[in-house]
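**Student:** A single structure is presented below for examination.
The values are calculated or read from the model by the stated rules, or taken from the named source; none is laboratory data. Since the structure is predicted, the reported quantities are computational estimates derived from the model, not experimental observations. Neighbour counts are summed over all protein chains in view; Cβ atoms, including those assigned to glycine, are modelled from backbone coordinates with ideal geometry. Side chains are part of the model used for accessible areas, which takes the heavy atoms of the whole protein and leaves out ligands, DNA and RNA. Shrake-Rupley method; radii C 1.70, N 1.55, O 1.52, S 1.80 Å.
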Amino acid sequence: QVQLVESGGGLVQPGGSLRPSCAASGIAFSIYGMGWYRQAPGNQRELVANITRSGSTNYIDNVKGRFTISRDNAKNTLYLQMNSLKPEDTAVYYCNAYWLHLNYWGQGTQVTVSA
C-alpha cells in the first residue's frame, strides 16, 4: 500500500520559514520523481517544485530563491524548505510521487502565512 504522509505545515508570520516533509512508504522511493504542489482556496492545484531521481530540481518563478526542494533517499523522505514566506504562499501543500504511468498523492498539509 502506497502512502505519502505530509507534515510540518502550520501558521507562520510573513517573512518566516517552514519545512514541510513527506514520508513515503510502499514505493521504491529512489526511482521516483517527487514534487510539491499547492492549492489555495478557489485556485487550481499548481506545481511548486520538483526533483528528479537524479536530484535535478525545478521551481516556479515566484518561489525561486525562497524555496528549496530536497530528498533523502535513505529516509524515503521529501522536504520543502520555505523561507521568506508571503501571504500569497498560503495554501494546502501536497506531495506527489511519479514514475512512468504511476502517480501518487499525499493528503496535504496546510500552510498559512499571516500576521
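**Student:** Report yes if THR90 is surrounded by 16 or more Cβ atoms within 10 Å (Cβ to Cβ) and under 12 Å from the mean Cα position of the chain (by Cα), otherwise no.
**Tutor:** no
**Student:** Another one. Only one of GLY16, GLY35 is at pLDDT 95 or above, part of a loop (DSSP other than H, G, I, E, B) and among the small types (Gly, Ala, Ser). Can you tell me which?
**Tutor:** GLY16 is the lone residue from the list that is at pLDDT 95 or above, part of a loop (DSSP other than H, G, I, E, B) and among the small types (Gly, Ala, Ser).
**Student:** Would you mention how many residues in segment 58-77 are farther than 20 Å from GLY15 by Cα, outside any loop (DSSP other than H, G, I, E, B) and open to solvent by 70 Å² or more (accessible area, probe 1.4 Å)?
**Tutor:** Residues in segment 58-77 being farther than 20 Å from GLY15 by Cα, outside any loop (DSSP other than H, G, I, E, B) and open to solvent by 70 Å² or more (accessible area, probe 1.4 Å): 1 in total.
**Student:** Out of LEU85, LEU80, LEU47, which single residue is in a loop (DSSP other than H, G, I, E, B) and of a type outside the set (Val, Ile, Thr)?
**Tutor:** Going through LEU85, LEU80, LEU47 in turn, the sole match is LEU85.
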